[in-house]
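**Student:** Here it is, the structure in full.
The values are calculated or read from the model by the stated rules, or taken from the named source; none is laboratory data. Quick caveat: nothing in here was measured; it's all calculated off a predicted structure. Glycine gets a Cβ as well: all are built from the backbone with ideal geometry, and neighbour counts include every protein chain shown.
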Amino acid sequence: MLGESRRLRRGLEESVRTYRRRPNGWTILAYVLLTLGALLMVFPFAWMLVSSFKDAREVLSPAILPSQWTFANYVEVLTRTAFPRWFMNSMIVAVLNTASVLFFCALVGYVLARMRFPGKQVIFIAILSTLMVPTEMLVIPWFVMSAQFGWIDTYWGLLFPGLIPGFGVFLMRQFFQTLPRDLFDAGRIDGVSEFGLFLRIGLPLVGPGLAALGIFAFIGNWNAFLWPLIVAQSASMRTVPVGIALFSGEAGSAWHLIMATSALAIIPVLVVFIIFQRQIIEGVVLTGVKG
Amino acid sequence: MIREPRAKRSSRLSLTQREAIYAYVFLLVPLVFFATIRFYPALQSFRLSLFTWHVDPARRTFVGAQYYQDLLSNPVFHQALTNTLLYAAITVPVSIALGLGIAILLQAVTVGRGWYRAIYFAPYITPAVAIAWVWGWMYNVNFGIFNRIIIEWWDFVEGIGLPWLAIDPQRFLRDPEVALPAVAVVIIWQQLGFQVVIFLAGLQGIPRVFYEAARIDGANPWQLFRHVTIPLLNPVLVFAVVITTINALQLFDQIVNINFTDQGGPLGRTLSIALYMYQEAFSRARLGYAAAVTVVLFLIILVITLVQLRLTQRRVEY
């Protein structure tokens, strides 16, 4: 009896193993195709880096790799341009903006998901409807407004359009809705204030949502171009994308410098991506597929 | 004695009222934000599009639908609109087909799936401005890597006696016929990872049972794909189509930077609606006319969003 059941189990394991092993040829083909595709994806980054380590003459030569790897282009870009200043501007704007996005989107998301008050549905639909309005439609009035109130060339001017994105409100509302009602009732009975319910009970439980939203807000800000291009008119208020665009535009055919500048803009983002890779991709899935 | 129950009732009422008051206190700043930074500017764009532009609001004159009529008869606007639709027509199907293909391949592999996914996704989050400069360099006519490869290839096929396999060097961004597809390649390269990630998640959400059942019924791989994968992936597909289309309609960063000295060129062949709006508003100071351009863009996006809502509400049931 025992021997038979063991034989049966071994037979079952065998068939599971062959089932798993079956798509062997296909798997190899999949690896080959995926690797070729991955090389194509990486190639522009690699070519940018290689070009950025060549000198002015060699960058225009047919050589693939630099005969002498040089950091001189990076030094030149960092000293000749206001890159450190652009970097600081981008950092200030992105940090403040992300902080605002996290706090306000969570707060509004919480209120819309968990509190009862007249007009809730109207407010939710109104906020949702702002998602349909493209930024292009808003930049002209924002510019008129900024000129009127003296916000041109200020950090506030760079910041104000993105303080509370409707998308973030929608995302956080989804997260708060999944929390059990009893938690908040228990908190109320224990005499926790309304703000305390949000801050001390709700907020700690929506960590993954906050992580995804925070990373997207930061990267979105870091990469933003259209509005910063309009509102940052003096050289000292430029962000990284605006700075590198205008510098590269003036650099003519100094491709070794342009590639070094591009690398300085791209590498920090890639480093952040490598560190937070899992959270970022899960965030896309979370907001993309379920949102 | 009579007052007591009434007092009780009013205190219960005030509990609900209390919650409502707190809700509105919390919403105060956000509501002011949405009203002044989102709603008012959207309406303001409509209004600006009906007036000639002047810094002093008192000196703007009402022109009615004049700018909209100008738009309809303006060849440059037509070109920007055509180009923008072409960007969508190229990037949407290609990036979705490639994204779905790669996601299916990724499902077949187990070792290194996360790394492949990360590599395909990386371009999606890197700044489009820098990406555009990198591709502009690769497309460079005299010194770009693509033409170098083409020339190397030429030498190679001539060396082995098959000269008919040679390709001519291209002018890429300088060639009016090739420039737009060349830019579309950059856009596909950059957003492919987004499609891969959401399709992979969608594929993993399809229960294996459906495949097993279909296989037992004798379905071949193509039938599995056509009758199991596609219908069950429908919501993700619609979402991907809409997001990619809206992105294509709003193209700006790449177009400005990839051909910086001749933005939208050659001969306006890469000009997008967003860039056209920017040039009209901020280079030519025709803010009223530019506002009309953005209203048209808004209407196009609105229609697409409504179609999406209609399509996603029709769920596939099994």
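**Student:** Among (1) surrounded by fewer than 12 Cβ atoms within 10 Å (Cβ to Cβ); (2) in the same structural domain as residue A:243 (by TED's automatic domain parsing); (3) of a type outside the set (Lys, Arg); (4) touching a residue at least 12 places away in the same chain (Cβ under 8 Å), which single condition is residue A:84 missing?
**Tutor:** All conditions are met except number (4).
**Student:** Kindly establish whether residue A:168 is more than 30 Å from residue B:60 (Cβ to Cβ) and not in a loop (DSSP other than H, G, I, E, B). Walk me through it before giving the result.
**Tutor:** Values: more than 30 Å from residue B:60 (Cβ to Cβ): yes; not in a loop (DSSP other than H, G, I, E, B): yes.
So residue A:168 fits the description; yes.
**Student:** Can you pull out the residues in region B:75-97 that are within 22 Å of residue B:295 (Cα to Cα) and either free of Cβ contacts under 8 Å to residues at least 60 places away in the same chain or among the polar types (S, T, N, Q) (or both)? Please lay out each step first, then the result.
**Tutor:** Within region B:75-97, the subset within 22 Å of residue B:295 (Cα to Cα) is B:75-89.
Across region B:75-97, the qualifying residues are B:75, B:78, B:79, B:82, B:83, B:84, B:85, B:89.
**Student:** Among the listed residues B:55, B:134, B:109, which satisfies the condition of being closer than 30 Å to residue A:266 by Cβ and at pLDDT below 95?
**Tutor:** Numbers: B:55 fails: closer than 30 Å to residue A:266 by Cβ; B:134 fails: at pLDDT below 95.
It is B:109.
**Student:** Is region B:31-44 home to any residue that is under 30 Å from residue A:103 (Cβ atoms), surrounded by 12 or more Cβ atoms within 10 Å (Cβ to Cβ) and hydroxyl-bearing (Ser, Thr, Tyr)?
**Tutor:** Yes, region B:31-44 contains a residue that is under 30 Å from residue A:103 (Cβ atoms), surrounded by 12 or more Cβ atoms within 10 Å (Cβ to Cβ) and hydroxyl-bearing (Ser, Thr, Tyr).
**Student:** Would you be able to say whether some residue in region A:188-200 is surrounded by 19 or more Cβ atoms within 10 Å (Cβ to Cβ), in contact with a Phe, Trp or Tyr (Cβ under 6 Å, 6 or more places away or on another chain) and more than 24 Å from residue A:166 (Cα to Cα)? Explain how you work it out, then say what you get.
**Tutor:** Of the residues in region A:188-200, the ones surrounded by 19 or more Cβ atoms within 10 Å (Cβ to Cβ) are A:194, A:197-198.
Filter again for in contact with a Phe, Trp or Tyr (Cβ under 6 Å, 6 or more places away or on another chain), leaving A:194, A:197-198.
Within this subset, residues satisfying the condition of being more than 24 Å from residue A:166 (Cα to Cα) are none.
Checked against the condition, which is being surrounded by 19 or more Cβ atoms within 10 Å (Cβ to Cβ), in contact with a Phe, Trp or Tyr (Cβ under 6 Å, 6 or more places away or on another chain) and more than 24 Å from residue A:166 (Cα to Cα), region A:188-200 yields no hits at all.
**Student:** Among helices (runs of 4 or more DSSP H) lying entirely in region B:17-121, which contain 1 or more residues that are away from every other protein chain (no Cβ under 13 Å)? Don't jump to the end; show me each part of the working.
**Tutor:** On the way: elements: B:40-48, B:66-73, B:75-108.
The qualifying helices (runs of 4 or more DSSP H) are B:66-73, B:75-108.
**Student:** Just one of (1) without any contact (Cβ under 8 Å) to a residue 40 or more places away in the chain; (2) more than 7 Å from chain B (Cβ to nearest Cβ) trips up residue A:224, so point out which.
**Tutor:** (1)
**Student:** How many residues are in contact with a helix residue (DSSP H, G or I) (Cβ under 6 Å, 6 or more places away or on another chain) and either of a type outside the set (Val, Ile, Thr) or assigned to a loop (DSSP other than H, G, I, E, B) (or both) if we restrict to region A:188-202? So that I can check it myself, show each step before the final result.
**Tutor:** Residues of region A:188-202 that are in contact with a helix residue (DSSP H, G or I) (Cβ under 6 Å, 6 or more places away or on another chain), as a first pass: A:194, A:197-198, A:201-202.
Next, from what is left, pick out any that are either of a type outside the set (Val, Ile, Thr) or assigned to a loop (DSSP other than H, G, I, E, B) (or both): A:194, A:197-198, A:202.
Residues that pass the stated criteria total 4.
**Student:** With (1) small (Gly, Ala, Ser); (2) within 8 Å of another protein chain (Cβ to nearest Cβ); (3) crowded, with 18+ Cβ neighbours inside 10 Å as the list, and residue A:126 as the residue in question, which single condition is left unmet?
**Tutor:** Among (1) small (Gly, Ala, Ser); (2) within 8 Å of another protein chain (Cβ to nearest Cβ); (3) crowded, with 18+ Cβ neighbours inside 10 Å, the lone unmet condition for residue A:126 is (3).
**Student:** What residue, of A:217, A:245, A:211, is buried (at least 22 other Cβ atoms within 10 Å of the Cβ), touching a residue at least 24 places away in the same chain (Cβ under 8 Å), part of a helix (DSSP H, G or I) and assigned by TED's automatic domain parsing to the domain that holds residue A:116? First the steps, then the outcome.
**Tutor:** On the way: A:245 fails: touching a residue at least 24 places away in the same chain (Cβ under 8 Å); A:211 fails: buried (at least 22 other Cβ atoms within 10 Å of the Cβ).
From the options A:217, A:245, A:211, the qualifying one is A:217.
**Student:** Can you work out which of the residues in region B:279-295 that are over 18 Å from the mean Cα position of the chain (by Cα) and within 7 Å of another protein chain (Cβ to nearest Cβ) is nearest to residue B:53 (Cα to Cα)?
**Tutor:** For region B:279-295, the residue satisfying everything is B:287.
**Student:** If residue A:157 passes every condition in (1) modelled with pLDDT of 95 or more; (2) within 10 Å of chain B (Cβ to nearest Cβ) but one, which one does it miss?
**Tutor:** (2)
**Student:** Identify the single condition in (1) surrounded by 18 or more Cβ atoms within 10 Å (Cβ to Cβ); (2) in a loop (DSSP other than H, G, I, E, B) that residue B:177 does not satisfy, given that it satisfies every other one.
**Tutor:** Condition not satisfied by residue B:177: (1).
**Student:** Pull up region B:251-287, narrow it to residues that are basic (Lys, Arg) and in contact with a helix residue (DSSP H, G or I) (Cβ under 7 Å, 6 or more places away or on another chain), then point me to the one that is nearest to residue B:86 (Cα to Cα).
**Tutor:** Residues of region B:251-287 basic (Lys, Arg): B:269, B:284, B:286.
From the residues that got through so far, the ones that are in contact with a helix residue (DSSP H, G or I) (Cβ under 7 Å, 6 or more places away or on another chain) too are B:269, B:286.
On the way: B:269: 11, B:286: 26 Å.
By that ranking, first place goes to B:269.
**Student:** Can you report the number of residues in region A:46-81 which are surrounded by fewer than 17 Cβ atoms within 10 Å (Cβ to Cβ), within 21 Å of residue A:242 (Cβ to Cβ) and at pLDDT below 90?
**Tutor:** Result for region A:46-81: 1.
**Student:** A follow-up question, please. For the list (1) more than 24 Å from residue B:183 (Cα to Cα); (2) in contact with a helix residue (DSSP H, G or I) (Cβ under 6 Å, 6 or more places away or on another chain), I need the number of the one condition that residue B:77 fails.
**Tutor:** That leaves (1) as the condition not met.
One line per residue, one yes/no per condition, for (1) among the polar types (S, T, N, Q); (2) at the interface with another protein chain (Cβ under 10 Å from one of its Cβ atoms); (3) touching a His at 6+ places or on another chain (Cβ under 6 Å); (4) surrounded by fewer than 18 Cβ atoms within 10 Å (Cβ to Cβ):
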site: B:131; (1), (2), (3), (4): no, yes, no, no
site: B:147; (1), (2), (3), (4): yes, no, no, no
site: B:150; (1), (2), (3), (4): no, no, no, yes
site: B:158; (1), (2), (3), (4): no, no, no, yes
site: B:161; (1), (2), (3), (4): no, no, no, yes
site: B:165; (1), (2), (3), (4): no, no, no, yes
site: B:168; (1), (2), (3), (4): no, no, no, yes
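**Student:** Moving on to the next point. Against the condition surrounded by fewer than 17 Cβ atoms within 10 Å (Cβ to Cβ) and more than 9 Å from chain B (Cβ to nearest Cβ), how does residue A:253 come out, does it pass?
**Tutor:** On the way: surrounded by fewer than 17 Cβ atoms within 10 Å (Cβ to Cβ): yes; more than 9 Å from chain B (Cβ to nearest Cβ): no.
Taking the combined requirement at face value, the residue does not satisfy it.
**Student:** Among the numbered criteria (1) within 12 Å of another protein chain (Cβ to nearest Cβ); (2) without any contact (Cβ under 8 Å) to a residue 40 or more places away in the chain; (3) assigned to a helix (DSSP H, G or I); (4) of a type in the set (Val, Ile, Thr), which one does residue A:75 miss?
**Tutor:** For residue A:75, the exception is condition (1).
**Student:** Something else now. Out of the residues in region A:113-163 that are assigned to a helix (DSSP H, G or I) and charged (D, E, K, R), which is nearest to residue A:203 (Cα to Cα)?
**Tutor:** Of all residues in region A:113-163, those assigned to a helix (DSSP H, G or I) come to A:113-114, A:120-132, A:135-149, A:155-162.
When the remaining residues are screened for being charged (D, E, K, R), the result is A:114, A:120, A:136.
Values: A:114: 12, A:120: 20, A:136: 33 Å.
Filtering first and then ranking leaves A:114.
**Student:** So, of the residues in region A:29-63 that are among the hydroxyl-bearing types (Ser, Thr, Tyr) and within 30 Å of the chain's Cα centre (by Cα), which turns out to be farthest from residue A:262 (Cα to Cα)?
**Tutor:** A:31
**Student:** Still on this structure, please answer the following. Residue A:236 - would you say it is under 24 Å from residue A:154 (Cα atoms) and more than 16 Å from the chain's Cα centre (by Cα)?
**Tutor:** Numbers: under 24 Å from residue A:154 (Cα atoms): yes; more than 16 Å from the chain's Cα centre (by Cα): yes.
Answer is yes for this residue.
**Student:** Can you pull out every residue in region A:131-162 that is closer than 30 Å to residue B:309 by Cα and surrounded by fewer than 19 Cβ atoms within 10 Å (Cβ to Cβ)?
**Tutor:** A:131, A:132, A:135
**Student:** Would you be able to tell me the number of residues in region A:227-240 that are crowded, with 21+ Cβ neighbours inside 10 Å and not in a loop (DSSP other than H, G, I, E, B)?
**Tutor:** 6
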